[in-house]
Amino acid sequence: MADVIQRNSPEAHPGMMMEAKSASIIIPTFNGASRIGNCLTALLDQTAGRDIEILVIDDGSKDETGDVVRRYPTVRLISRANAGPAAARNLGAFEARGEILLFTDDDCIPMTGWLDAMLTPFESREVVGVKGTYCTRQRELAARFVQVEYEDKYRLMADLPSIDFVDTYSAGFRRENFLEMNGYDTSFPVACAEDVELSYRMSARGWKMVFAPKAVVCHTHPDSFSRYLKKKYKFAFWRVLAVRKNPSKGVKDSHTPQVMKLQLLFAPALVTAAVFDLIVRPAVPATAIVLGAFVLSTLPFAARAFAKDPLIGMLSPAILAARACAQLFGVVAGVMFAGRRQAEVATNPR
């Protein structure tokens, strides 16, 4: 693997035994020089004087990421050839000295109290994983919609005794359990759905993971609807692989509204209805029925969004229609990709 480990901490030197820590915060980064400083500053404010280490895994950055991290002498920097975020996080977990592993991303700023909110659930020995939340300071319409969308999903988790969906932007695991699962699946080459897949595997073991709504990190969401829809396509694409590895989660998980899955049928249903109307010319157009049914399916979300942000609430039906189309294309492309990958494995078994 040819990783180069650089220990910035003054008490840590090659050949010395490194003492155990109560927790390790792991941040993978790739070309994160412009982002990671804010993340580290926020974390150091919370870890000062505590038995907690911070590790940055530089995944082959080509910019000045390493130089930025070295300005924080108590942060451990581990540099490696680029292998993707899943491999970077796994390396961080292997090198970590903490009993609890906490993950966040280089574009996240953990808010005051994040660390305590993430660690508190682990006071119960039965808790294996913890998930926090996003916030944003952005005012672009797309970013405001994304935040409302996340908060609507958090609503689903709020009263659940256990969840099966822990995202890496604010994630915590017991190290022994994480390593037992061999960490994140490195067959996911990008930062997308590898965290979902690990959560699904842990859930299949019957391990308890919980939602920590006060563990908040500030994030930069997509600032345009084109970027938002590209992200939705990408996530749907890679979620197919996560579900193929854990088929039972295709039916239901603790994070995805069931109505979202039904809305994926909107585009094909509308096309089918339009063809039907052209051929049969019914008294009540089928396209009107499909459009009406879709709008009705969006009203509960739109009403909740309107209570938080009236403009976003009014725009929601149209945005949700675009989201459904992007996700459908992502699912179709993901199924085709997974099929090709399966065929390649069958043809060239190792």
**Message:** Against the empirical 2.2 N^0.38 Å scaling, what ratio does the C-alpha Rg of segment 96-240 come to?
**Reply:** 1.03
**Prompt:** Where both residues lie in the chain, what percent of DSSP beta bridges are antiparallel, nearest 5?
**Reply:** 35 percent
**Asked** What do you get for Rg/Rh over segment 15-164 if you use C-alpha atoms and the Kirkwood form of Rh?
**Response** 0.98
**Centroid-to-centroid separation of segment 117-135 and segment 205-245 [C-alpha atoms, Å]** = 18 Å
**Message:** Given the -39500 (n - 2.57) contribution per DSSP H run of 4+ residues, what per-residue ellipticity at 222 nm results for the chain, rounded to the nearest 500 deg cm²/dmol?
**Reply:** -16000 deg cm²/dmol
**Per residue value of the accessible surface for segment 246-296 (all protein chains in place, 1.4 Å probe), Å²** = 60 Å²
**Tail fraction, Cα-Cα pairs, segment 232-329, threshold 21 Å, whole percent** = 44 percent
**Prompt:** How large is log10 I(q)/I(0) at q = 0.20, 0.23 Å⁻¹ when the Debye formula is applied to the Cα atoms of segment 147-228, each weighted equally and without solvent?
**Reply:** -1.06, -1.28
**Asked** What is the extension gain from PHE276 to LEU299, computed as 0.36 nm multiplied by their sequence separation minus the C-alpha to C-alpha distance, in nm to one decimal?
**Response** 5.6 nm
**Message:** Using a 7 Å offset from Cα along Cα-Cβ at SER22, what residues in segment 115-138 end up with backbone N under 14 Å from the label point?
**Reply:** 115-124
**Prompt:** Tell me which aspartates and glutamates have Cα within less than 19 Å of LYS231's Cα, excluding those fewer than 8 residues away on the same chain?
**Reply:** ASP105, ASP106, ASP107, GLU140, GLU149, GLU151, ASP152, ASP167, GLU194, ASP195, GLU197, ASP223
**Item:** Taking all pairs of distinct alpha-carbon atoms in segment 276-323, Kirkwood radius in angstrom
**Value:** 11.9 Å
**Per residue Cα convex hull volume in Å³ - calculated over segment 171-281** = 162 Å³
**Prompt:** If the limit is 26 Å between Cα atoms, which of LYS153/LYS249; LYS62/LYS234; LYS245/LYS308 go over it?
**Reply:** LYS245/LYS308
**Point-to-point label distance, ARG71-LYS214, nm (Cα→Cβ direction, 7 Å offset)** = 3.2 nm
**Prompt:** When only alpha-carbon atoms count, how far does segment 80-161 stretch along each of its three principal axes, as whole angstroms with the largest first?
**Reply:** 41, 37, 22
**Residue-level accessible surface for LYS234, protein heavy atoms, 1.4 Å, Å²** = 90 Å²
**Request:** Mind checking the full-extension length gain between GLU126 and VAL251? Use 0.36 nm per residue of separation minus the Cα-Cα distance, one decimal, nm.
**Result:** 42.4 nm
**Fill in**
For ARG239, ARG76, ARG137, ARG155, the accessible-area ranking with a 1.4 Å probe, largest leading, is ARG137, ARG155, ARG239, ARG76
**Asked** How long is the gain from CYS135 to SER34 if the chain were fully straight, where each residue apart is worth 0.36 nm and the alpha carbon distance is subtracted?
**Response** 34.4 nm
**Largest-first ellipsoid semi-axes for the chain, taking √(5λ) over the Cα gyration tensor eigenvalues, angstrom** = 39, 23, 19
**Item:** Sequence of TRP114, TRP207 from largest to smallest accessible area, 1.4 Å probe
**Value:** TRP207, TRP114
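The values are calculated or read from the model by the stated rules, or taken from the named source; none is laboratory data. What you see is a predicted model; the values in this text were computed from it and never measured. For neighbour counting, all protein chains shown are included, and Cβ atoms are generated from backbone atoms with ideal geometry for every residue, glycine included. We work out accessible area using only protein heavy atoms, side chains counted, and drop any ligands, DNA or RNA first. Shrake-Rupley method; radii C 1.70, N 1.55, O 1.52, S 1.80 Å.
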